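Read through the structure below, which is laid out as structure tokens, and then see the notes.
The values are calculated or read from the model by the stated rules, or taken from the named source; none is laboratory data. Remember, it's a predicted structure, so these values are computed and weren't measured experimentally. Backbone-built Cβ (ideal geometry, glycine too); neighbour counts: all protein chains shown. Surface areas here come from the heavy atoms of the whole protein model, side chains and all, with no ligands, DNA or RNA. Shrake-Rupley method; radii C 1.70, N 1.55, O 1.52, S 1.80 Å.
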Amino acid sequence: MSVRNLTILGATGTIGVNTLDVVARHPDRFRVMALTGQNQIDKLAEQCRRFRPRYAVVLDADKARTLEQALAGNGTEVLHGVEALEFVSALPEVDSVMAAIVGAAGLRPALAAAKAGKRVLLANKETLVMAGRFFMQAVREHGATLLPIDSEHNAVFQSLPAGYTGDPTAHGVRRILLTASGGPFRGRAIETLKDITPEEAVAHPNWVMGRKISVDSATMMNKGLEVIEARWLFDARPEQIEVVIHPQSIIHSMVEYLDGSVLAQLSNPDMRTPIAHSLAYPERLEAGVNWLDLAKIGSLSFEAPDLRRFPCLGLAYQALAAGGAATAILNAANEEAVAAFLERRIPYLAIATTLDQILQKLAGEKADSLEDLLAADAAARQAARELIATAAVGTA
Ligand code: NDP
Ligand code: MG
């Protein structure tokens, strides 16, 4: 493998930090060309001092000035704004772009990387949930290579036949089985779900992740977003994608073939495995993870998800079936509801009721272009904020 030049979008986040951990183990294989962050300026400055990228990007001009002062004489040029995120995603000398910004903000830079024909290492699932059709079209038209970082999709990718180009049946695939840990509330008494606090919701039993995705894992909206992500990544129909709860998070997902074979990818729950897989693909790299000790783990168990406990998963399938802008609306309303829950403006159960109401209200929005989807995203955010502000959200 020749040296790969990388841009890491969202370098200061959980995925970004894990990516730099793998990169640091192989200084002869990777060169960091650009790092981006948003609020954690000290951390971004420290990363820049260590990895010496050509560019560092933040959103705001103020933060860019602070970063510039911190990096004076370091040789890293500081840029700011969404256009700068797009610029470092499309640099001619960059081969691979790790798209690990959280939320809808990750869409434009990920799209810029796809349009520049890069190897796109996609962690930002919201890109596909918002604009899957347009993103996949950009990947095809511009000859980009798409490698999934989300552990489930990375497992599916590894379990699919080499050269898979979409159309599961044509490749002998019957179903994609996405595993889910069930999060922290899988066994909690249903009548106490109403009392869940942000601290309880972000304490995931198996994974260390950013706050937003941790809440999504608790509600299982994360798995709902992943069903939508799988629909686009693997060109599968919703009925070909099934979710199974597997609390140990050792099997990261499976592919079932027409002859009854089921192929799976197993590993300890450590994001450095899918990250290293995608960074090195099609080669393999040491990632610093602990080896899997199956005898110590003892048993792997499975159960069907309970949609009464996890209504968000059902809402995701509904939005997928509705098509059009529904999944973009779901995603935007979810970002608003999760932020409101984390700030204690709404109770836990109001996340799902907010999404349900916004989906019903806005389901008919157009989705003929990317602009339509961005407009649907904005309308859903506005409607969700109003609903949250007037506390008109039922929590029953
Ligand atoms: P974090 O919250 O830990 O990190 C998010 C990153 O995005 C940070 O670098 C943050 O900067 C930056 N950021 C936040 N908002 C903006 C914005 N508006 N514009 C530009 N940059 C921004 O998230 P994770 O690393 O956990 O997740 C990143 C993505 O990967 C998400 O889409 C998530 O769904 C997906 N993912 C994560 C997994 C995990 O294990 N963590 C697993 C599978 C998928 P700063 O911190 O400096 O403010
Ligand atoms: Mg996942």
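Can you pull out the residues in region 33-77 that are under 14 Å from residue 12 (Cβ atoms), among the hydrophobic types (A, V, I, L, M, F, W, C), without any contact (Cβ under 8 Å) to a residue 60 or more places away in the chain and within 14 Å of ligand 1 (Cβ to nearest atom)?
Passing the criteria: 35, 41, 44, 45, 48, 56, 57, 58, 59, 67, 70.
For residue 29, are the conditions met, namely being away from ligand 1 (no atom under 14 Å from the Cβ), in contact (Cβ under 8 Å) with a residue 40 or more places away in the chain and within 30 Å of residue 289 (Cβ to Cβ)?
Yes; evaluated as a whole, the condition is true for this residue.
Mind checking which residues of region 106-150 are within 11 Å of ligand 1 (Cβ to nearest atom) and not aliphatic (A, V, I, L, M)?
If the condition is that a residue be within 11 Å of ligand 1 (Cβ to nearest atom) and not aliphatic (A, V, I, L, M), then 106, 108, 109, 124, 125, 126, 127, 148, 150 are the ones that fit.
Would you check if residue 119 is of a type outside the set (A, V, I, L, M, F, W, C) and buried (at least 19 other Cβ atoms within 10 Å of the Cβ)?
Yes; evaluated as a whole, the condition is true for this residue.
Go through region 334-345 and give me each residue that's of a type in the set (A, V, I, L, M) and either surrounded by fewer than 21 Cβ atoms within 10 Å (Cβ to Cβ) or touching a Ser or Thr at 6+ places or on another chain (Cβ under 7 Å) (or both).
Within region 334-345, 337, 339, 342 meet the criteria.
Tally the residues that are among the polar types (S, T, N, Q) and either touching a Leu at 6+ places or on another chain (Cβ under 8 Å) or closer than 22 Å to residue 126 by Cβ (or both), restricting the search to region 170-205.
So the answer is 2.
Here's the yes/no breakdown for (1) within 21 Å of residue 111 (Cβ to Cβ); (2) over 22 Å from the mean Cα position of the chain (by Cα):
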site: 8; (1), (2): yes, no
site: 17; (1), (2): no, no
site: 23; (1), (2): no, no
site: 26; (1), (2): no, yes
site: 31; (1), (2): no, yes
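Go through (1) farther than 26 Å from residue 10 by Cβ; (2) within 16 Å of ligand 2 (Cβ to nearest atom); (3) of a type in the set (A, V, I, L, M, F, W, C) one by one and return the number of the condition residue 162 breaks.
So residue 162 meets the others, but not (2).
Here is a check on your reading of the model: is residue 230 within 19 Å of the chain's Cα centre (by Cα) and more than 15 Å from ligand 2 (Cβ to nearest atom)?
Judged against the criteria, residue 230 is not a match.
Just give me the residues in region 122-168 being assigned to a strand (DSSP E or B) and under 25 Å from residue 221 (Cβ atoms), in sequence order.
122, 146, 147, 148
Return only the number of the condition from (1) touching a Leu at 6+ places or on another chain (Cβ under 7 Å); (2) within 10 Å of ligand 1 (Cβ to nearest atom); (3) closer than 30 Å to residue 254 by Cα that residue 103 does not satisfy.
Just one mismatch for residue 103, condition (1).
Before we move on, is residue 66 crowded, with 24+ Cβ neighbours inside 10 Å and either in the same structural domain as residue 381 (by TED's automatic domain parsing) or modelled with pLDDT of 95 or more (or both)?
The answer is no for residue 66.
Which of the strands (runs of 3 or more DSSP E) contained wholly in region 35-105 include at least 1 residues that are within 30 Å of residue 327 (Cα to Cα) and among the small types (Gly, Ala, Ser)?
Counting at least 1 such residues, we get 96-99.
Mind telling me which of the residues 239, 286 ends up being over 23 Å from residue 331 (Cβ atoms), modelled with pLDDT of 95 or more and of a type in the set (Asp, Glu)?
286
Test residue 191 against the stated conditions and say whether it is charged (D, E, K, R), touching a residue at least 40 places away in the same chain (Cβ under 8 Å), farther than 24 Å from residue 18 by Cβ and not in a loop (DSSP other than H, G, I, E, B).
no
If we keep just the residues of region 152-172 that are closer than 26 Å to residue 306 by Cα and open to solvent by less than 10 Å² (accessible area, probe 1.4 Å), which is farthest from ligand 1 (Cβ to nearest atom)?
The extreme case among them is 156.
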